[in-house]
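All remarks here apply to the structure that follows.
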């Protein structure tokens, strides 16, 4: 059921496999086995897109219910057998893709209702500083900068793509060379965001001097500004798959892009036993790729 939901949400077997933490062949085999067991196709597959069949659409709410009941059963057992108290401060950058922080907070609260939780949403570089100062116990970040010796684990990584309005001169290309980005107006995130630092380093390494017309602290605002023609943007691939980006053109970057966008969970408590942060990290480990 987890694999079914991953493919349904990503509409792409390779991306779904990355989200589910399994090889693409393993994911495809599991979906085929499910289809054989049910006696019908759950997905229509083309070279460009994967869509649910009518049978797949019918199964989807039951799949979500099954997973919710399974998680609820595990949480009830934990709540009855392990009472945890204290406080926990959590931080995250927005729209990380590889972890649903809000759902994680909900599940943690359901398991450990006596823990006082605080949540901060800001840029990755600021969150790393807050972990170092002790103001945040666990942070979900998209930056390798300044991590140093801080204990962290990678939750997933993916490529960057270029987003442009359909009427933009570069929109007709399947891949855009670095030279054509010179002098373009860009929409980008605030300097503390992980992808902003990655974009700055990437374009600087290729000698590109770009104009940042708008700086934002919200993914949906960035997509809205690009849609309205105020500039182009370089974003992680999962952001380009959002419904709000449906009117935009997704363009591949040159093959020599180098480092990918990486999401990690950072905490000094990885090797500690007990305590609220350790119990949150236990949930993260259960939900993340091995």
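Just need a number here: residues in region 204-224 that are within 17 Å of residue 178 (Cβ to Cβ) and either in a helix (DSSP H, G or I) or within 19 Å of the chain's Cα centre (by Cα) (or both).
Total satisfying the criteria: 2.
Select from region 179-203 the residues that are within 20 Å of residue 164 (Cβ to Cβ) and part of a helix (DSSP H, G or I) and list them in ascending order.
179, 180, 181, 195, 196, 198, 199, 200, 202, 203
Counting only residues that are in a strand (DSSP E or B) and in contact with a helix residue (DSSP H, G or I) (Cβ under 6 Å, 6 or more places away or on another chain), which one in region 157-178 is surrounded by the most Cβ atoms within 10 Å (Cβ to Cβ)? Write out each step before concluding.
Restricting attention to region 157-178, the residues satisfying the condition of being in a strand (DSSP E or B) are 157-158, 160-165, 175.
Then keep just the ones that are in contact with a helix residue (DSSP H, G or I) (Cβ under 6 Å, 6 or more places away or on another chain); that gives 158, 161, 163.
Details: 158: 19, 161: 20, 163: 23.
Restricting to residues being in a strand (DSSP E or B) and in contact with a helix residue (DSSP H, G or I) (Cβ under 6 Å, 6 or more places away or on another chain), the top hit is 163.
Taking the condition of being out of contact with any helix residue (DSSP H, G or I) (no Cβ under 8 Å at 6 or more places or on another chain) and not in a loop (DSSP other than H, G, I, E, B), how many residues in region 117-152 meet it?
Of the residues in that region, 11 qualify.
Counting only residues that are crowded, with 19+ Cβ neighbours inside 10 Å and touching a residue at least 60 places away in the same chain (Cβ under 8 Å), which one in region 197-222 is farthest from residue 254 (Cα to Cα)?
This residue is 219.
Please go through region 128-150 and give me each residue that is within 20 Å of the chain's Cα centre (by Cα), surrounded by 15 or more Cβ atoms within 10 Å (Cβ to Cβ) and at pLDDT below 90, ordered by number.
Residues satisfying the conditions are 143, 144, 147.
For residues that are without any contact (Cβ under 8 Å) to a residue 60 or more places away in the chain and in a helix (DSSP H, G or I), scanning just region 225-265, find the one that is surrounded by the fewest Cβ atoms within 10 Å (Cβ to Cβ).
Ranking the qualifying residues of region 225-265, first place goes to 243.
Picking from 6, 16, 58, which residue would you name as being modelled with pLDDT of 90 or more and not assigned by TED's automatic domain parsing to the domain that holds residue 279?
Values: 6 fails: modelled with pLDDT of 90 or more; 16 fails: modelled with pLDDT of 90 or more.
Unique residue meeting the criteria: 58.
Conditions tested, residue by residue: (1) in the same structural domain as residue 97 (by TED's automatic domain parsing); (2) farther than 22 Å from residue 92 by Cβ; (3) touching a residue at least 40 places away in the same chain (Cβ under 8 Å).
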position: 121; (1), (2), (3): yes, no, no
position: 129; (1), (2), (3): yes, no, no
position: 135; (1), (2), (3): yes, no, yes
position: 152; (1), (2), (3): yes, no, yes
position: 176; (1), (2), (3): no, yes, yes
position: 185; (1), (2), (3): no, yes, yes
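Only one residue in 103, 92, 164 is under 14 Å from the mean Cα position of the chain (by Cα) and at pLDDT 95 or above. Which one?
So the residue among 103, 92, 164 that is under 14 Å from the mean Cα position of the chain (by Cα) and at pLDDT 95 or above is 92.
Out of 179, 174, I need the residue that is closer than 22 Å to residue 246 by Cα and modelled with pLDDT under 90. Which one?
Testing whether each residue is closer than 22 Å to residue 246 by Cα and modelled with pLDDT under 90 leaves just 174.
The values are calculated or read from the model by the stated rules, or taken from the named source; none is laboratory data. Small disclaimer: the values here were computed from a predicted structure and weren't measured. Counting neighbours? That spans all protein chains shown, and the Cβs are built from the backbone with ideal geometry, glycine included.
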